[in-house]
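Engineer: Handing you this structure, nothing more for now.
The values are calculated or read from the model by the stated rules, or taken from the named source; none is laboratory data. Note that the structure is a prediction, hence the values are computed from the model and not measured. For neighbour counting, all protein chains shown are included, and Cβ atoms are generated from backbone atoms with ideal geometry for every residue, glycine included.
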Amino acid sequence: MSQPPNPISDRSPISGRSSITGHSRVKVGDWNVSSDTCTVATLIDGEHCEHKVTPRSMDVLRLLIARAGAVVSPGEFLETIWRSPIATDHAVHKAIAELRSALRDSAHKPRYIKTIPKRGYALIAPIERLSEPTSTQCTAAHPADNTHSSASGSQPDADRWHDSWRRWPDLKAVRGGHLYNIPPDLVQRHSLRALQGLQQMCQVLDQARPR
């Protein structure tokens with residue numbers, strides 16, 4: 001008995017054959033893809049690089065991820081994503097061009113999206129699921145990207161948050177050990193306790209600031 005399709009999200013009819021498409025954060029090649037924020041991000045020469053794409057282009061990328069390795073025709077893109085009688089193949093080509101620009105890919109020497117003449121496009125980069133963030137309700141950064149603070153709940157959540165940042169050892173905050181947690185009840189509620197959370201945030205920023 002065949003299994004029902006696994007939707008990527010509730011806002012789109014896109015579905016795929018792999019459970020990886022059920023997550024909003026996926027790694028495609030060198031890029032971390034977040035469908036929630038319509039962004040792709042990576043480290044280039046030790047610097048954080050992030051590009052934002054249109055929701056439509058992100059849907060195109062999500063469909064390519066769902067069909068990873070298989071050819072997706074312009075007609076399938078139009079039927080699945082645009083669902084408009086006036087949309088043409090040009091809309092698909094435009095979205096693919098935006099994705100290639102964001103991923104720093106080349107149509108002539110593709111590492112991510114390959115054009116299959118007369119047929120469509122295929123995602124050829126490896127993909128993997130990324131763990132969902134568990135404690136990123138509040139993030140503050142020093143102007144020199146020297147510290148990151150987050151509102152975390154339990155100690156296991158805080159540990160997972162630290163582990164997720166340690167995957168980026170080239171960032172100054174990680175390299176210098178400037179990762180701090182602030183109790184979520186100090187920043188998530190509109191009350192005077194937010195002042196205590198702000199005070200703690202200022203304290204960790206001052207602690208990380210070079211003397």
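Engineer: Please indicate, with yes or no, whether at least one residue in the stretch 5-15 is in contact with a strand residue (DSSP E or B) (Cβ under 6 Å, 6 or more places away or on another chain), outside any strand (DSSP E or B) and at pLDDT below 90.
Structural biologist: For the stretch 5-15, residues in contact with a strand residue (DSSP E or B) (Cβ under 6 Å, 6 or more places away or on another chain), outside any strand (DSSP E or B) and at pLDDT below 90: present.
Engineer: For the stretch 41-77, what are the residues that are touching a strand residue (DSSP E or B) at 6+ places or on another chain (Cβ under 6 Å) and among the acidic types (D, E)?
Structural biologist: If the condition is that a residue be touching a strand residue (DSSP E or B) at 6+ places or on another chain (Cβ under 6 Å) and among the acidic types (D, E), then E50 is the only one that fits.
Engineer: Take T42 and decide whether it is under 30 Å from D163 (Cα atoms), in the same structural domain as G29 (by TED's automatic domain parsing) and among the hydroxyl-bearing types (S, T, Y).
Structural biologist: So T42 passes the test.
Engineer: Considering S84, S106, S101, which residue is touching a strand residue (DSSP E or B) at 6+ places or on another chain (Cβ under 9 Å) and among the small types (G, A, S)? Give the steps one after another, and end with the answer.
Structural biologist: Details: S84 fails: touching a strand residue (DSSP E or B) at 6+ places or on another chain (Cβ under 9 Å); S106 fails: touching a strand residue (DSSP E or B) at 6+ places or on another chain (Cβ under 9 Å).
Just a single option satisfies the conditions, and that option is S101.
Engineer: Can you tell me which residue in the stretch 31-49 is farthest from T80 (Cα to Cα), limited to those that are assigned to a strand (DSSP E or B) and over 9 Å from the mean Cα position of the chain (by Cα)?
Structural biologist: E47
Engineer: May I ask you to verify whether R83 is surrounded by fewer than 19 Cβ atoms within 10 Å (Cβ to Cβ) and either in the same structural domain as A97 (by TED's automatic domain parsing) or touching a Lys or Arg at 6+ places or on another chain (Cβ under 9 Å) (or both)?
Structural biologist: Spelling it out, R83 is indeed surrounded by fewer than 19 Cβ atoms within 10 Å (Cβ to Cβ) and either in the same structural domain as A97 (by TED's automatic domain parsing) or touching a Lys or Arg at 6+ places or on another chain (Cβ under 9 Å) (or both).
Engineer: Pairs please, first residue from the stretch 48-67 and assigned by TED's automatic domain parsing to the domain that holds I96, second anywhere and modelled with pLDDT of 95 or more and of a type in the set (D, E), Cβ atoms under 7 Å, 6+ apart in sequence or on different chains.
Structural biologist: V53/E98; T54/E98; S57/E98
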